[in-house]
1. Working carefully through the options B:Gly181, B:Gly99, find the one that is modelled with pLDDT under 85, touching a helix residue (DSSP H, G or I) at 6+ places or on another chain (Cβ under 8 Å) and not basic (Lys, Arg).
2. Looking at A:Val351, is it closer than 27 Å to A:Ser307 by Cβ, crowded, with 19+ Cβ neighbours inside 10 Å and at pLDDT below 80?
3. Does A:Ala59 satisfy the criteria of being in contact with a Leu (Cβ under 8 Å, 6 or more places away or on another chain) and not in a helix (DSSP H, G or I)?
4. Considering only residues of segment B:92-133 that are within 30 Å of B:Thr46 (Cβ to Cβ) and touching a residue at least 60 places away in the same chain (Cβ under 8 Å), which is surrounded by the most Cβ atoms within 10 Å (Cβ to Cβ)?
5. Go over the candidates B:Val36, B:Val78, B:Val58 one by one and state the one that is surrounded by fewer than 19 Cβ atoms within 10 Å (Cβ to Cβ), part of a helix (DSSP H, G or I) and either within 9 Å of chain A (Cβ to nearest Cβ) or over 26 Å from the mean Cα position of the chain (by Cα) (or both).
6. Show the residue pairs that are 6+ apart or on different chains and have beta-carbon atoms under 9 Å apart, the first residue being within segment A:226-242 and outside the structural domain of A:Phe258 (by TED's automatic domain parsing), the second being modelled with pLDDT of 75 or more and surrounded by 10 or more Cβ atoms within 10 Å (Cβ to Cβ).
7. Filter segment A:118-141 down to residues that are more than 14 Å from chain B (Cβ to nearest Cβ) and part of a loop (DSSP other than H, G, I, E, B) and give me whichever is modelled with the highest pLDDT.
8. Considering segment A:193-215 alone, what residues qualify as being in contact (Cβ under 8 Å) with a residue 40 or more places away in the chain and farther than 19 Å from A:Ser327 by Cα?
Amino acid sequence: MRVSDQPPEIPVRSVRASIFERASVVWLVPMAALLVALGVAWQSYSDRGPVIEIAFDSAAGMSPGETVLRYRDVDVGLVEDVAFTDNLDRVLASVRLEKSIASFVDDSAEFWIVRPEVTARGVTGLDTVLSGVYIEGTWDSTPGGLASRHVALAEPPLAAAGQLGLRIVLNASPGAALSEGAPILYKGIEVGRIGKPGLSEDGVNARASAIIFEPYDRIVTSATRFWDTSGFTFSLGAGGAELDFTSLASLIGGGVAFETIVSGGRPAVDGAEFGLFADEGRARASLFDTTEGTELNLIVIFRENFSGLAVGAPVELEGVRIGEVSSIRGIVDEDRFGDDGVRLLTTLALVPSRLSLDLAEFDDPLDYFEQRVDAGLRARLATATILTGGLKVEMIEVPEAPIELIDLSGDPYPILPSTLSEISDVSATAEGVFQRINDLPIEELLVSAIGFLDAAESFVGGNDTQAVPAEVRGLIGDVRGLVTAPELQALPAEVAALVAELKGVADDMRVVTTALSEADMVARLQGAIDAAAAAATGVETSVEGVPELVTSLTELSDRAGAIPLDIMVEQASGALASAQALIASDDTQALPGALTTALAEVEAALQELREGGAVRNLNQTLASAETAAAAIETAVVGLPSLTGRIEALVAQAEDALSGVDQNSELSREARAALRDISNAAEAFESLSRALERRPNSVILGR
Amino acid sequence: MGTESCPNCGARVVSRSRRSLQRVWAWWLAGLICYVPANIYPMLETRTLVHTESATIVGGVAELAAHGAYGIALIILVASVVIPVGKFASIAFLAFSVGSVSRAAPQARHGVHEIVEYIGRWSMIDVFVVAILSSLVQLNAVAAIQPGPASLAFALSVIFTMLSAQAFDPRMIWDGIEDRGAGIARE
C-alpha cells in the first residue's frame, strides 16, 4: 500500500452560524420597546375600573371624557359616555370608576349633579362655573359589591357624605313657608337643613324632609315644636316701632327654629313628623292645644254635593268637636259609584286626644271608630248655622243603618261611611214654617182689627167718653176744695191759739210762783203745822190728779192723731185707681154712665167729708183740748193761792220756830215739815217752769 | 474578504457594514412601536386655572385647523406626521430594495437615503416645541404646560428612525449593479 503524500481531503462543511451569531444586538431595542408597550397596555388594562351607568333626568353640562365623578371631592371616576335610555326618557352616563373604590359603590350609593348655585345663604359649587359640572357620589364605607346601574337624585341629598343626623318630616301649617335648603336654627346655631318641599299624599299640606345633624339630634323630642322664622315682624306700639327678624339670611331665604318646650318628651326617631308653625307663639300654644300632635285622618264621601261645606268646618261627634275638615274635593267615578254624579270627597282631620280615649282599650283611635261604625255610626252633613248656611260634618248613630264598615283600604285614608244629610230636614222645617205663616188668616184678622179700631174710635169720640175728663177734673177740683176748706185752714190757727193760751197759763204760774216767793207770811205755829199737814195732803191729792188729767189729754191727742186723714186720702186715691181700672176694664162700652155715677158718689163722699165728718170731729177734739187746757189753767190758777197758803204756812212755821228752842223736838220736826213744804214749793216751781218751756207737754204727757 | 486595520487611525476596515440590514430593521421596528403611543397619548397637557386640556398630535392639528390656524396646523402636520411616516416608508423601501433586485434606479434610491438622513432630525421640532413650552409656561396655579407621555414616545420614535437611517449602508444600493455588470462578488 502506497502512502500518499497528499493530505487527506478535509471535509469542509458549511455550518450555518447560530442565530445569536448572525443576529444583530440592535434587535434587543425593538424587543424591549415591544415588551414595554405590552406591559403598559396590560397595566392600564388591569388597572381599569368597572363601568357603571347612572341615569339622570338631564345631562346638563355633562360631557364625556371631562365630567368626573367625585367622592369627598376626590376624582374617582370619569364619564366615558352619555347616552339615552331605550325610551329616551332619561340620560345614561357611563362612568368609569377607579378600581379601588368600585366595590364600595353598592346599592346604597347616591349620585347627583353638582351645579353652581347662588342663594341668599351663599354660593355653592362656584368651581363648577368654569370647570363645568361634576357628579358627586356618596356611599357608605362598607363594600357591598358593585352595582352597575344607579338612578341619580334630582337634588343633592340633605346630608353630605358621612354626615349623620336625624331625618324628620316637617308639615307646614297655614302661614308657614318651607324653603329648600333653609337652615334649622337652635338658639341661633344652624343645626340642620330643610330639603326640597313637596306636597303631602293628599295634596293638602306642604311638607319637606329635614335633617338635624349630630349631635344636636338629641335635642329633638316629641315635645319639640318647630316654627318659621322667615320674614320679619314689625310692630308699632307704645314702646315705639320694633322690627324683628332672626337673620338676614332667614329674612330672604327662610329658616326654621325649634325649641323643646317641655321636658319629658320621647326622643324622636328617623322619619318622625312635626308640624311647622307660622310663629313662635303659635308653636308654643300648640303644645297645650293637642298633647299628641298626631291626627287621625278619615275620608267621608257624601252622595249629596251641597255648597256651604268649607275647609275648616267643624267635625262633631255627638256634639263634641273633635276635628275639622281639612280638604274637600269633588270626584266623579262611574266605576265606583255606579253613576256619573259628583261625590263630595271630604278629608277630616281628627284630633283623637279630644275624645279622651282609654288608650288601654283602644290602642289605635281608628279601632274606636271601627267599633262605633259597627254600631251604626255614620257621618252626615248638617247645618252649622242657619244664618250663613254653613255646613258641618256630624257623626251620629243611625239606628237602622245598613251594615257598613270603615273602608280601611281607602286611599290615602280610611273611608268612614256616610248617611243622608240633615240639610233636607232643615229646609223642610223652614218650608213648614213658611207654610204655616202662609196659612195664617191675616186678612180676617185685619178686618177684625179694622172693625175693632172703628168701634174704639166711635167709643173714644162718644159724648160720654168725652165727658169723663171733665168729671175727673171736677173731682180733682173737689179734692182741692177740701184741702182749701176754711175748717182745715183754720186748724193751725186754733192750735196756735191753744199754744198762746198755754203760754198765758205759764205766765200766770210764773206770777203765782213769784208771788209765792215774795209773799211775807207769818202764822201760828200749831195751826200752821196742822194746816201744813192738811195742805200737804191736799197738795198731794191735787198733784195726784194732774197725771190723770195728763193721761186723758194724751188719749185725746192720740185720738186726734188717729184721725184717718191719710186713710181718707188713700181711700180717695184707691177710689181714683178703681175709677181708672174701671176705665181700663173690658166693659168700657157700658162705662160712661156708671163712671159718672161713681164719680158723683166720690164727690158726694168727699162733700160729706167736707161738710161734717172728720173735720168737725177734729174741731170738736180741739175744742175739748182747749177746754182741757182751760181746766188746767183753772187748776193752775188755783195753784198760786195754794202756794200762797203754803208760803204763809212756812212763814208761820218760821215765826213759830224762831220762838222755840232750837234744840227741842218740836223745832226739829217743824224744820223737817218746813223742808217738805219748801220741797213741795220747789216741785211746783219746776212744774210751772216745765209748762212754760214746753206747754204742749201738758197735752202730750211728756 | 480579509479584515484590515486602517493604517492611520487603526479603525477596522470593512467593505460593508456587518448585519446592516438587520440593524436597519431593528431600529425601524422600535421606532414604529414608539410611534403608536406617540399618536395615541396626549402630547401636551395644558392646565389652566379651571381646566385641564390634553391634546394628541393629530387632535392638536385638527383643533388648530378648526380655529383657522391652517399654517401652523400644516407645519405640525408635516413635522409630526408626514415626515415620520415618510421616513418609515422610505427606510422600508430602501431596505427592501437592497434585499431583492430593484427596478428603481440606484441614483434615485441614494437620493432618497440622503433626504431621509437629512430631514429626519427635523422631526424633533415637535419635541423641542413641547420642551420649550413646558419650561416657559409654568405659572403655577394659573396655567402650566407639561409634556404628555406621547412626547417621550415621539422623541424615542424619532431617535430610533434616525438610528435606523444611519444603520443603512448606502453602498448596498450599488451592489446590485456589480451583480448585473462586473459580477463582483458580494461580500
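1. On inspection, the qualifying residue turns out to be B:Gly99.
2. yes
3. Against the criterion (in contact with a Leu (Cβ under 8 Å, 6 or more places away or on another chain) and not in a helix (DSSP H, G or I)), A:Ala59 does not qualify.
4. Looking at residues that are within 30 Å of B:Thr46 (Cβ to Cβ) and touching a residue at least 60 places away in the same chain (Cβ under 8 Å), I get B:Asp126.
5. None of the other options fit; the residue is B:Val36.
6. Taking only residues 6 or more apart or on different chains, not a single pair turns up.
7. Going through the qualifying residues, I end up with A:Trp139.
8. Answer for segment A:193-215, where residues must be in contact (Cβ under 8 Å) with a residue 40 or more places away in the chain and farther than 19 Å from A:Ser327 by Cα: A:Ile194, A:Gly195, A:Lys196, A:Ser209, A:Ala210, A:Ile211, A:Ile212, A:Phe213, A:Glu214.
The values are calculated or read from the model by the stated rules, or taken from the named source; none is laboratory data. Here the structure is a predicted model, which means the values were calculated and not measured. Glycine gets a Cβ as well: all are built from the backbone with ideal geometry, and neighbour counts include every protein chain shown.
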